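See structure below.
The values are calculated or read from the model by the stated rules, or taken from the named source; none is laboratory data. Not measured: the values here are computed from a predicted model. Surface accessibility is based on the protein's heavy atoms, side chains included, excluding ligands, DNA and RNA. Shrake-Rupley method; radii C 1.70, N 1.55, O 1.52, S 1.80 Å.
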Amino acid sequence: MLLGFTDPSTHKVWRYPYEAGALKMQENKTVRVEPHLMGGDGTGNPNASEPVAYGWDNWKRPTSHERLKKSYPILKDAFSEHLQSPPKAPAVASTAAKP
């Protein structure tokens, strides 16, 4: 949202509202990154590096998967000291969520 994307899956961004006269969307295929380094020439003036464009393919549904955190055994042991039976690990799905 900080980059102005309303729907990154289809590359939709907000147009500048004062220029567009309203909140309108437009397609933007890439994000351009242009780093500026301070003090590189000894004068404190920023030195611009070559811009880099980052692009991605459209998607319909993001892939996701569940996993146990690395700290699960620690929490399991801590809870088992205070409970009669330790919590059970949730079933981990091996495929992405079905539509």
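Some values worked out for this structure:
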{"quantity": "Filter result (aliphatic (A, V, I, L, M) and at pLDDT below 75) within the range 42-64", "calculated": "Ala48"}
{"quantity": "Leading residue by the ranking (most open to solvent (accessible area, probe 1.4 Å)) among those in the range 50-67 that are part of a loop (DSSP other than H, G, I, E, B) and of a type in the set (Ser, Thr, Tyr)", "calculated": "Thr63"}
